[in-house]
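Q: Structure below; questions to follow.
The values are calculated or read from the model by the stated rules, or taken from the named source; none is laboratory data. What you are looking at is a predicted structure, and each value in this text was computed from that prediction instead of being measured. A quick note on method: Cβ atoms are made from the backbone with ideal geometry, for glycine too, and the neighbour counts reach across all protein chains shown.
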Amino acid sequence: MKQFLSSSDVLYVNSLLKKAKRIQQDSYGNNMIGKNKTMVLLFFNPSLRTRLSTQKAAQNLGMHVITMNVSQAWGIEFEDGAVMNLDKAEHVKEAAAVISQYADLIGLRTFAGLQDREADYEEKILNQFAKYATVPIVNLESATVHPLQSFADVFTIETYKKKKRPKVVLTWAPHPRALPQAVANSFVEWMKKTDYELVITQPKGYELSTQFTTGCSITYDQQEAFHDADFIYAKNWSSYSDYGKILPTDVNWMITAEKMALTNDACFMHCLPVRRNVVVEDMVLDSPNSIVIQQAANREVIAQTVLSEILKNL
Amino acid sequence: MKQFLSSSDVLYVNSLLKKAKRIQQDSYGNNMIGKNKTMVLLFFNPSLRTRLSTQKAAQNLGMHVITMNVSQAWGIEFEDGAVMNLDKAEHVKEAAAVISQYADLIGLRTFAGLQDREADYEEKILNQFAKYATVPIVNLESATVHPLQSFADVFTIETYKKKKRPKVVLTWAPHPRALPQAVANSFVEWMKKTDYELVITQPKGYELSTQFTTGCSITYDQQEAFHDADFIYAKNWSSYSDYGKILPTDVNWMITAEKMALTNDACFMHCLPVRRNVVVEDMVLDSPNSIVIQQAANREVIAQTVLSEILKNL
Amino acid sequence: MKQFLSSSDVLYVNSLLKKAKRIQQDSYGNNMIGKNKTMVLLFFNPSLRTRLSTQKAAQNLGMHVITMNVSQAWGIEFEDGAVMNLDKAEHVKEAAAVISQYADLIGLRTFAGLQDREADYEEKILNQFAKYATVPIVNLESATVHPLQSFADVFTIETYKKKKRPKVVLTWAPHPRALPQAVANSFVEWMKKTDYELVITQPKGYELSTQFTTGCSITYDQQEAFHDADFIYAKNWSSYSDYGKILPTDVNWMITAEKMALTNDACFMHCLPVRRNVVVEDMVLDSPNSIVIQQAANREVIAQTVLSEILKNL
């Protein structure tokens, strides 16, 4: 693996899942591969799980980690040819090239702005960084995808599935704030790399981009989707068609114990953080069917798997 | 030691003081005990001494340390059953459990809010974290106590005392802002674990909670308290009875050279940071009797002692 | 080397440049010298290159690094005898002495305030820290100088020069914000330690302090300065005479390809961050003559050289 920008950087999911299993069983078994290597983690947005799990994973491999909250320091210009006489102090051409001088790997988190759909879906920031960096970039969640999360989700389902081809439901759920579509897009993309049965359900107006969902089974009937499901993956996202907006159609989509009873004793998954009793009822999260904590724990395993694959090629 | 939430986690102070002495003499003598262990330090409030000394102590033992300023990232909900549709993005149930996946030890700093005495004195935040975390918690100052500070204070007195049973005076001192009672409460609690003579002195209205001071010698006459003292420990705190308030009774309580002349050539102590010429005169802090810097240095020794005791049991 | 506050801490530039060359070729060749040593980096101001390069350099030498953003935590009082009843929570006497307890080396970044020229040019903050710290201080840019930058600039010129005594031009360039004179002052100071030909050019009103420029060749004619230059070093600074101000005289000082054509195929240098098409045209920065990225890379080499010299004396 040369970099980890999106699912397309992973050719053989199954072979990596096997490596992840070995890493899960022996976190420190390969702690010399990162010796004298430094990973710089750049956060344009806040992070708990991604930061801790990636830093831990890198340290498990023997790397040094330097964390920078970019927005605190100065604004970065992404437009070519810009006359930089306003609030942006440095161009990505310099920023990415300079950080590459001090890092062997760069991790980058940059959320969707939710203002300009075209810019977000072009992955302008991620791609500009990758273009001007001279070391591999690891996507720590970008405008449209969150591949470390989704890869960990596949690994989690693989660990908990009770049948070869489980039915996996991605369901929209309510939330008071407008959130990016990245986790949902990415989940769909990675499910397509497996042979699981995927059903997507959301209210009208919350359809994801067909760039991700073409060929997927989609229904507006949440209860129908839940029937016989083996995994319920809940997530909020804002509208793609009315870009970045919250629509007044979302009552009654919270995940409840009553709805979970429609499933085949399904495991409940969420990428976290999750708003209790808004996205999902306490009773679901506190039930033994909830695997959200194990799902979070797997973030470290998958980050370590990805980093060790990249380190091999350095 | 299984955790370090309060003084009650320490059964044998004297044996730990002996270990601390050895650690002070050889900081790196046990630098493999923390190998492949990670400590996450979570700060709900700013920190200099506690952060530096704990991080240094953990690294002396061979651990990795990851520091997070929690408040910067997102609000945590501590109420069970809350409908989380406002400003809190994650419940402590998930936050504590998830961080436990990436950490072998969690350090937590969370000051008193000084609004709701009952909530502060229940140690709600600390206790909720400890309840939902699955790894040991180390208290880096909580609403009502600061045990790493107080344990270091005992170690400091032990180092500087010239008689077996020194007279130790905890004196209130003025300050422009309303501060928690944690350092004072905790100091009283730990003094009771020793056989020193303790006298507490404060203006009327600034009495500490009897939960801590029952059985203590207390006087409203600061000068009387200072007579023949071997150690003067100065600290400001806000009112416990008129909770979190600054009362208009605090003139003339600043520690001066004149007052120090009443003592038995006492050492001057303060947990720092200290406001010069408000809490204490320059002349006192700059005198050879001031041991505030050594006291701060001992924070590292004690943090290392506590962490190594917990690591032994991991 | 006992500390690194300014150029006067470096006696033999040439011998250090040779050491830097060896470090550049083998970054990890001396990675035990910092074992069990901790460097605390204190930032009163934001930092990208300085933070990353210094942290990387320290880690290359085997040191632990702890980074603190000081301004976020609390204000520090620098006045002797102050009655600290306002916004400053700790005096530099305590802050510097306490941090020295946990650190073997302290790095300090503190920009000019640009309000009070006398205070800035006295280097009050840096000097107060150095006075009360009990471990060596490394200047990560102070009010009037940035020696790690300038030393790296000398190393860069040394690497790229095509003749024994190149003509080096320091040219003022436009910028929308008022910036300190530190980089320019420092560059002049370090150029004087070499035998290069130095020419300084700036508009009227932007003359640097004669404390730095006495004996230097200075011209108000930028184009004249550029003739036959081997290195163009561009930098903005605010007025020293009308202290900290931006004067309305700065049109047409941007570095352009047309101006670069006047030179002897000169290398273009800038300390970064640089505002494209304000300080310098895209065409110059994107040309093969621009060595700004290599210049930034050399920050790590020079930081490591300086730190290893100080570590030798610990």
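Q: Can you go through C:SER290, C:SER239, C:SER209, C:SER308 and tell me which one is out of contact with any helix residue (DSSP H, G or I) (no Cβ under 9 Å at 6 or more places or on another chain) and of a type in the set (Ser, Thr, Tyr)?
A: Working: C:SER290 fails: out of contact with any helix residue (DSSP H, G or I) (no Cβ under 9 Å at 6 or more places or on another chain); C:SER209 fails: out of contact with any helix residue (DSSP H, G or I) (no Cβ under 9 Å at 6 or more places or on another chain); C:SER308 fails: out of contact with any helix residue (DSSP H, G or I) (no Cβ under 9 Å at 6 or more places or on another chain).
Result: C:SER239 is the single residue among C:SER290, C:SER239, C:SER209, C:SER308 that is out of contact with any helix residue (DSSP H, G or I) (no Cβ under 9 Å at 6 or more places or on another chain) and of a type in the set (Ser, Thr, Tyr).
Q: Among the listed residues B:GLY107, B:GLY81, which satisfies the condition of being at positive phi and either of a type outside the set (A, V, I, L, M, F, W, C) or touching a residue at least 12 places away in the same chain (Cβ under 8 Å) (or both)?
A: B:GLY81
Q: Can you name the condition, by its number, that C:TYR243 falls short on among (1) over 19 Å from the mean Cα position of the chain (by Cα); (2) surrounded by fewer than 17 Cβ atoms within 10 Å (Cβ to Cβ); (3) farther than 24 Å from C:GLU258 by Cβ?
A: (2)
Q: Return the residues of the range B:56-101 that are of a type in the set (Asp, Glu) and either more than 23 Å from A:ILE302 (Cβ to Cβ) or at pLDDT below 90 (or both); say none if nothing qualifies. Can you show your working first?
A: First, pick out the residues of the range B:56-101 that are of a type in the set (Asp, Glu): B:77, B:79-80, B:87, B:90, B:94.
If the condition is that a residue be of a type in the set (Asp, Glu) and either more than 23 Å from A:ILE302 (Cβ to Cβ) or at pLDDT below 90 (or both), then B:GLU77, B:GLU79, B:ASP80, B:ASP87 are the ones that fit.
Q: Here are B:ASP87, B:ASP80, B:ASP104: which of them is under 20 Å from B:MET1 (Cβ atoms), surrounded by fewer than 19 Cβ atoms within 10 Å (Cβ to Cβ) and of a type in the set (Asp, Glu)?
A: Values: B:ASP87 fails: under 20 Å from B:MET1 (Cβ atoms); B:ASP80 fails: under 20 Å from B:MET1 (Cβ atoms).
Exactly one residue qualifies, and that residue is B:ASP104.
Q: Among the numbered conditions (1) out of contact with any strand residue (DSSP E or B) (no Cβ under 6 Å at 6 or more places or on another chain); (2) crowded, with 16+ Cβ neighbours inside 10 Å; (3) of a type in the set (Gly, Ala, Ser), tell me where A:SER8 comes up short.
A: Evaluating A:SER8 over (1) out of contact with any strand residue (DSSP E or B) (no Cβ under 6 Å at 6 or more places or on another chain); (2) crowded, with 16+ Cβ neighbours inside 10 Å; (3) of a type in the set (Gly, Ala, Ser) leaves (2) as the failure.
Q: Which residues, counting only those in the range C:244-285, are charged (D, E, K, R) and in contact with a helix residue (DSSP H, G or I) (Cβ under 8 Å, 6 or more places away or on another chain)? Give the steps one after another, and end with the answer.
A: Just the residues of the range C:244-285 that are charged (D, E, K, R), to begin with: C:245, C:250, C:258-259, C:265, C:275-276, C:281-282.
C:LYS259, C:ARG276, C:GLU281, listed by residue number.
Q: Of (1) buried (at least 19 other Cβ atoms within 10 Å of the Cβ); (2) within 23 Å of B:SER209 (Cα to Cα); (3) among the charged types (D, E, K, R), B:ASP250 satisfies all except one. Which?
A: The number of the failed condition is (1).
Table: residues versus (1) hydrophobic (A, V, I, L, M, F, W, C); (2) closer than 27 Å to A:ASP80 by Cβ; (3) out of contact with any Ser or Thr (no Cβ under 8 Å at 6 or more places or on another chain).
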| position | (1), (2), (3) |
| --- | --- |
| C:TYR233 | no, yes, no |
| C:LYS245 | no, no, no |
| C:ASP250 | no, yes, yes |
| C:ILE255 | yes, yes, no |
| C:ALA296 | yes, yes, no |
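Q: Return the pairs, sorted by first residue and then second, in which the second residue is acidic (Asp, Glu), the first residue lies in the range C:90-103 and is within 7 Å of another protein chain (Cβ to nearest Cβ), the beta carbons are less than 8 Å apart, and the residues are 6+ apart or on different chains.
A: That search, which allows pairs on different chains as well, returns C:GLU90/C:GLU77; C:HIS91/C:GLU77; C:GLN101/B:GLU300; C:TYR102/B:GLU300.
Q: Residues C:GLY107, C:GLY113: which one is more than 8 Å from chain B (Cβ to nearest Cβ) and within 25 Å of B:ALA58 (Cα to Cα)?
A: Values: C:GLY113 fails: within 25 Å of B:ALA58 (Cα to Cα).
Checking each option against the conditions leaves just C:GLY107.
Q: What about B:TYR206, is it closer than 30 Å to B:ARG22 by Cβ, away from chain C (no Cβ under 14 Å) and in contact with a strand residue (DSSP E or B) (Cβ under 7 Å, 6 or more places away or on another chain)? It would help to see each step written out before you state the result.
A: On the way: closer than 30 Å to B:ARG22 by Cβ: no; away from chain C (no Cβ under 14 Å): yes; in contact with a strand residue (DSSP E or B) (Cβ under 7 Å, 6 or more places away or on another chain): yes.
So B:TYR206 does not fit the description; no.
Q: Report, by residue number, each residue of the range C:107-134 that is surrounded by fewer than 20 Cβ atoms within 10 Å (Cβ to Cβ) and β-branched (Val, Ile, Thr).
A: C:THR134
Q: Which of the residues belonging to the range C:174-203 are part of a loop (DSSP other than H, G, I, E, B), aliphatic (A, V, I, L, M) and crowded, with 22+ Cβ neighbours inside 10 Å?
A: Taking the range C:174-203 as the starting set, the residues that turn out to be part of a loop (DSSP other than H, G, I, E, B) are C:174-181, C:192-196, C:202-203.
Pick out the ones that are also aliphatic (A, V, I, L, M) and you get C:178-179.
Selection gives nothing.
Q: Please note which helices (runs of 4 or more DSSP H) are completely contained in the range A:212-314 and include at least 1 residues that are at negative phi, away from every other protein chain (no Cβ under 12 Å) and touching an Asp or Glu at 6+ places or on another chain (Cβ under 7 Å).
A: Numbers: elements: A:222-226, A:257-260, A:282-285, A:292-312.
Filter on the range A:212-314 gives A:257-260.
Q: Check B:LYS161 against each of (1) in contact with a helix residue (DSSP H, G or I) (Cβ under 8 Å, 6 or more places away or on another chain); (2) farther than 27 Å from B:ARG51 by Cβ; (3) in contact (Cβ under 8 Å) with a residue 60 or more places away in the chain and name the one condition it does not meet.
A: So the condition that B:LYS161 fails would be (1).
Q: Continuing with this model, one more query. Given the conditions (1) within 12 Å of another protein chain (Cβ to nearest Cβ); (2) within 30 Å of B:ALA296 (Cβ to Cβ); (3) buried (at least 18 other Cβ atoms within 10 Å of the Cβ), report the number of the one that B:ALA20 does not fulfil.
A: (1)
Q: Take the residues of the range B:159-173 that are surrounded by 18 or more Cβ atoms within 10 Å (Cβ to Cβ) and not basic (Lys, Arg): which is farthest from the chain's Cα centre (by Cα)?
A: Checked the range B:159-173; the qualifying residue farthest from the chain's Cα centre (by Cα) is B:PRO166.
Q: Among the listed residues C:SER53, C:SER8, which satisfies the condition of being more than 30 Å from B:PHE268 (Cβ to Cβ), in contact with a Lys or Arg (Cβ under 7 Å, 6 or more places away or on another chain) and not aliphatic (A, V, I, L, M)?
A: Values: C:SER8 fails: in contact with a Lys or Arg (Cβ under 7 Å, 6 or more places away or on another chain).
Just a single option satisfies the conditions, and that option is C:SER53.
Q: Yes or no: C:LEU108 within 14 Å of the chain's Cα centre (by Cα) and within 28 Å of C:LYS35 (Cα to Cα)?
A: Working: within 14 Å of the chain's Cα centre (by Cα): yes; within 28 Å of C:LYS35 (Cα to Cα): yes.
Taking the combined requirement at face value, the residue satisfies it.
Q: Checking A:ALA143 against (1) in contact with a Gly (Cβ under 9 Å, 6 or more places away or on another chain); (2) farther than 25 Å from B:LEU41 by Cα; (3) surrounded by fewer than 22 Cβ atoms within 10 Å (Cβ to Cβ), only one condition comes out false. Which one?
A: (3)
Q: Which residues, counting only those in the range A:110-145, are under 17 Å from C:ILE293 (Cβ atoms) and either without any contact (Cβ under 8 Å) to a residue 24 or more places away in the chain or basic (Lys, Arg) (or both)?
A: A:LYS131, the sole residue that qualifies.
Q: Determine which single condition B:ALA112 fails, assuming it passes every other condition in (1) out of contact with any Phe, Trp or Tyr (no Cβ under 8 Å at 6 or more places or on another chain); (2) under 22 Å from B:VAL274 (Cβ atoms); (3) in the same structural domain as B:LYS259 (by TED's automatic domain parsing).
A: B:ALA112 satisfies every listed condition except (3).
Q: Filtering the range B:206-224 down to residues that are in contact (Cβ under 8 Å) with a residue 40 or more places away in the chain and within 14 Å of B:ALA184 (Cβ to Cβ), which residue is farthest from the chain's Cα centre (by Cα)?
A: First pass over the range B:206-224, keeping only residues in contact (Cβ under 8 Å) with a residue 40 or more places away in the chain: B:206, B:209, B:211, B:222.
From what is left, the residues that are within 14 Å of B:ALA184 (Cβ to Cβ) are B:206, B:209, B:211.
Working: B:TYR206: 19, B:SER209: 16, B:GLN211: 17 Å.
Per the stated criteria, the residue is B:TYR206.
Q: Could you tell me which residue of the range A:23-46 is farthest from A:VAL138 (Cα to Cα), considering only residues that are facing another protein chain (nearest Cβ under 7 Å) and among the polar types (S, T, N, Q)?
A: From the range A:23-46, those facing another protein chain (nearest Cβ under 7 Å) are A:28, A:36, A:38, A:40, A:46; that's our starting set.
If we keep only those that are among the polar types (S, T, N, Q) as well, we get A:36, A:38.
Details: A:ASN36: 19, A:THR38: 13 Å.
Filtering the range A:23-46 for residues that are facing another protein chain (nearest Cβ under 7 Å) and among the polar types (S, T, N, Q), the one farthest from A:VAL138 (Cα to Cα) comes out as A:ASN36.
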